[in-house]
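The values are calculated or read from the model by the stated rules, or taken from the named source; none is laboratory data. Values in this document were obtained by computation on a predicted structure and should not be read as measured data. FYI the Cβ positions are ideal-geometry reconstructions off the backbone, even for glycines, and counts take in every protein chain you see.
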Amino acid sequence: MSVVGKNIPHDSAKGHVTGESLYIDDLPFARNELLVDYWGSPVAHGRIRSLNLEEAAKIPGVVALFTYRDLGGHNHFGPIIEDEMLLVEELCEYIGQPIVVIAAETRKAIAQAKKAIQVDMETLEPVFTIDDAIAKRQFIGTTRVIQRGDLDTAFQQADHVLDGTFINGGQDHFYLESQAVIAYPGEHQTLTVHSSTQNPSEVQREIANILGLQHHQVVCVTKRMGGAFGGKETQATHPAAMAALVALKTHRPARLVLNKDDDMRTTGKRHPFQNNYKVAFNRDGLILGLQVDFYSDGGAAADLSTSIMGRAMTHAENAYFIPNIKITGTVCKTNFPPNTAFRGFGGPQGIANIENIIEEIAATLQQDAYDIRRLNCYGLQERNMTPYGQVFQNNWLPTIFNQLAERADYKNRRAEVEAFNARSRTHLKGISMTPVKFGISFNTKFLNQGNALVNVYLDGTVQVSTGGTEMGQGLNTKIQQLVADEFHIPAESVIVMSTSTEKNNNTSATAASSGTDINGSAAVIAAQKIRERLIEFASRHFALKELGLIPSTGHIQFEAGQIYDSRNPDKKLTFAELVKLAYFDRVNLGERGFYTTPGVDFNWETGQGTPFLYFTTGCAVSEVLIDRFTGELKVLRTDILMDIGKPINPGIDRGQITGAFIQGMGWVTTEELKFSASGELLSHSPTTYKIPNIQDVPEIFNVDWVDNDGNHMNVRRSKAVGEPPLVLGLSVWAAVKHALGCVSGGQIPKLNLPATNEEILMRLTELAESRSVAPSPVTPPFAVCPNEPEN
Ligand code: MTE
Ligand code: HPA
Ligand code: MOS
């Protein structure tokens, strides 16, 4: 009667549709409640000479205005390096950086107050590009290195050496619920804060630090988030601290809910990367050596940038064994909002780089990129050591490559695509298969821990609380299934409760795709402890002197919601009956579980270690159609095949794969962050920032996984699934690169990421112009394909 492995509905499935699901701004207004917002820097780089709040304070409805002076010296914070200030003291480092917290009775008063704030600023020269930051040597943290082998020899002995620079852009999280928080003041300087955060413990900690409270004076509660995607791993903390400041100072409940535009303007995004690479390979396409220098745009403060760079570096080789390799990673400081975690956490940026290189090797050798990928793929027993010294075990990639090529009829379709390109005067097609190998575990050892609380009630129902937070990914449903199975009861008998620092202390962010791995494992451990006590009690209960039965825990069976002694199977108890009897016998029916991920460690001094418990892998093939005159891109078909172990809930995992792929496709195609010359985000709403919608989903879209029963490393042989499939969006980008290669006349086609319609059109035009052929029917700026045969 296992419920693990079943497609039970997501615990919010109905509520999301009916509107019953509660988000922060659905919480009813409390008596006396204040609205909170902030006023931020008008310039990307400048120094405040004077700030005048007198007029703003006079506006009717404005209750309080706070600056850093009200924080009593507790202004500094940051998740790794404490280089952030909640409120600017003097130096402003990005547009919108909070300077004044405004608390008011109405939104109108807030809007008027913002206009009435007077500031005199000295403007300073801003840094907006990675190149400029490198020139000025503006870095965050130090440059780190992972290396092995002998690169010099590899470059000397290779048939081919190729170098270049590859740029990939940022991405807005575009969660539907913006950053949101309500803080309620309590007695004795305590606060209860409801926050849309992936990381309630960090919100608790930072509020305490900023307000000069002790941790136990602050409780942070998270019911659910309306999406997070990494954007609420650290950056929910700032609004939470502001609302908490107002609640503490005014003794009134305080609500801060950003509107979409302000959220997009002032919060950090996926890190843009600029990478210099040099690769050595032989005439078959076997890679002998790779040097890559990653530079990321960290924005104005460290946030998680160094850790994100670390993940990019440990994903620089993706699915490929590269014997000689040197990877460096440097975070640049610029005058944009601090960039932050975003689904994949640097992994996609690291992987995009090597996938671009593979396409370029294929173009150089005029070979199928699939064959280059297959040739360089990690082996099963050999060629399986990562550059950082972790052996890649249980490698399903060769199988997945082969199976997917067959299922998607890759070779025939590629031949058709190339024939089409030789024929069509108006359109181009492209096709590519790209893999992902994503390391599972936080790449910071101590974060790999979690605790859970399981309470069994007298009617046999169960409440579970963990440090994990629900953001739509289905964590609650998976934990519900795991715990139900430990007691052999139906899923409906288990509810996963709101996350609260009052129940689960010192927890990590729900991130690194390991929410279920860590919190599900902790919940299972807690449930098992209770089950053992129930078994001990049941063995005594079922022992019958007249039958000569002495208590034997080994004979107690849980089956289909009933418990019995296998020596006397006619006498059965329901779970509820057993629980009630155990209660009267004074058996403890509540328990905590604690889990730590075994064996993970990494040393940045040596660039070596075992950062990951296991890898989630997969491949996708995408076929695209491009309009040569407009650059318009359509995805005709995508086939995905992954190894996600044994899913706890196949329907939820299918949703994760589908959603992550589409989000990845958005990153590599349409989502482009445009800034003005003064550093203001221009694409700050859905009218100017294009995320994929239903029409953008591939016309044919097949999602599947292999039957892998062997992942003994993780709870119920499942695998983490939240982030890895995002990387497969790169198959769409690689297909565009393939299409360009079909008309590049043997040149390596250059393509930045995202491959927007505009970028594609520019590249087509460039290719047409660089080939001195007779003008075609349409002259540039429209793209043309030279040398096409007459139709
Ligand atoms: N799925 C939904 N629906 N909403 C989200 O915000 N975040 C992603 C992924 N899937 C996200 C999501 C990210 S960035 C991570 S790290 C994981 O979910 C976190 O949850 P998990 O560890 O429980 O998979
Ligand atoms: N993923 C997400 N968040 C993190 C990680 C990671 O690998 N490491 C530290 N914080
Ligand atoms: Mo996900 S970027 O680890 O929150």
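May I ask you to say which residue of 670, 687 is more than 23 Å from the chain's Cα centre (by Cα) and assigned to a loop (DSSP other than H, G, I, E, B)?
It is 687.
Taking the stretch 424-451 on its own, how many of its residues are away from ligand 1 (no atom under 16 Å from the Cβ) and among the aliphatic types (A, V, I, L, M)?
Residues meeting the conditions: 3.
Residues checked against (1) within 16 Å of ligand 2 (Cβ to nearest atom); (2) modelled with pLDDT under 95; (3) under 16 Å from the mean Cα position of the chain (by Cα); (4) surrounded by fewer than 24 Cβ atoms within 10 Å (Cβ to Cβ):
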| site | (1), (2), (3), (4) |
| --- | --- |
| 293 | no, no, no, yes |
| 311 | yes, no, yes, no |
| 315 | yes, no, yes, no |
| 324 | no, no, no, yes |
| 336 | no, no, no, no |
| 340 | yes, no, yes, no |
| 343 | yes, no, yes, no |
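Can you name every one of the helices (runs of 4 or more DSSP H) wholly within the stretch 191-267 that holds 1 or more residues which are within 16 Å of ligand 3 (Cβ to nearest atom) and closer than 20 Å to residue 496 by Cα?
Of the helices (runs of 4 or more DSSP H) lying wholly inside the stretch 191-267, those with at least 1 residues that are within 16 Å of ligand 3 (Cβ to nearest atom) and closer than 20 Å to residue 496 by Cα span 200-211.
So which residues in the stretch 652-682 are surrounded by fewer than 17 Cβ atoms within 10 Å (Cβ to Cβ) and either touching a Lys or Arg at 6+ places or on another chain (Cβ under 9 Å) or closer than 15 Å to residue 343 by Cα (or both)?
Of everything in the stretch 652-682, those that are surrounded by fewer than 17 Cβ atoms within 10 Å (Cβ to Cβ) and either touching a Lys or Arg at 6+ places or on another chain (Cβ under 9 Å) or closer than 15 Å to residue 343 by Cα (or both) turn out to be 658, 680, 682.
With crowded, with 16+ Cβ neighbours inside 10 Å, touching a residue at least 12 places away in the same chain (Cβ under 8 Å), touching a helix residue (DSSP H, G or I) at 6+ places or on another chain (Cβ under 6 Å) and among the aliphatic types (A, V, I, L, M) as the only criterion, which of 151, 211 stands out?
211
Since residue 677 meets every condition but one in (1) assigned to a loop (DSSP other than H, G, I, E, B); (2) under 22 Å from residue 515 (Cα atoms), which condition does it not meet?
(2)
Could we say that residue 419 is surrounded by fewer than 16 Cβ atoms within 10 Å (Cβ to Cβ), aliphatic (A, V, I, L, M) and either in contact with a helix residue (DSSP H, G or I) (Cβ under 6 Å, 6 or more places away or on another chain) or not in a loop (DSSP other than H, G, I, E, B) (or both) here?
yes
I'd like the residue in the stretch 499-531 that is under 13 Å from residue 456 (Cα atoms) and either without any contact (Cβ under 8 Å) to a residue 24 or more places away in the chain or buried (at least 22 other Cβ atoms within 10 Å of the Cβ) (or both) and, out of all such residues, is farthest from ligand 1 (Cβ to nearest atom).
530
Using the structure shown, decide if residue 727 is surrounded by fewer than 21 Cβ atoms within 10 Å (Cβ to Cβ) and either closer than 25 Å to residue 441 by Cα or within 16 Å of ligand 1 (Cβ to nearest atom) (or both).
Judged against the criteria, residue 727 is not a match.
Looking at residue 751, is it surrounded by 22 or more Cβ atoms within 10 Å (Cβ to Cβ), assigned to a loop (DSSP other than H, G, I, E, B) and either more than 16 Å from ligand 1 (Cβ to nearest atom) or of a type in the set (D, E, K, R) (or both)?
yes
Got a number for residues in the stretch 90-130 being surrounded by 15 or more Cβ atoms within 10 Å (Cβ to Cβ) and among the acidic types (Asp, Glu)?
2
Kindly check whether there is at least one residue in the stretch 45-66 that is over 27 Å from residue 224 (Cα atoms) and within 16 Å of ligand 2 (Cβ to nearest atom).
So far as the stretch 45-66 goes, no, none of its residues is over 27 Å from residue 224 (Cα atoms) and within 16 Å of ligand 2 (Cβ to nearest atom).
Among strands (runs of 3 or more DSSP E) lying entirely in the stretch 1-119, which contain 1 or more residues that are basic (Lys, Arg)?
46-52
Could you list, in sequence order, the residues of the stretch 120-139 that are assigned to a loop (DSSP other than H, G, I, E, B) and among the β-branched types (Val, Ile, Thr)?
Within the stretch 120-139, 127, 129 qualify.
Mind listing just one residue for me: the one in the stretch 462-497 that is in a loop (DSSP other than H, G, I, E, B) and over 22 Å from residue 447 (Cβ atoms) and, of those, nearest to ligand 2 (Cβ to nearest atom)?
497
Working only within the stretch 131-148, note down all residues that are surrounded by fewer than 13 Cβ atoms within 10 Å (Cβ to Cβ) and small (Gly, Ala, Ser).
The answer is 135, and nothing else.
Please go through the stretch 323-343 and pick out each residue that is within 16 Å of ligand 3 (Cβ to nearest atom) and among the small types (Gly, Ala, Ser).
Once the filter is applied, which keeps residues that are within 16 Å of ligand 3 (Cβ to nearest atom) and among the small types (Gly, Ala, Ser), the stretch 323-343 yields only 341.
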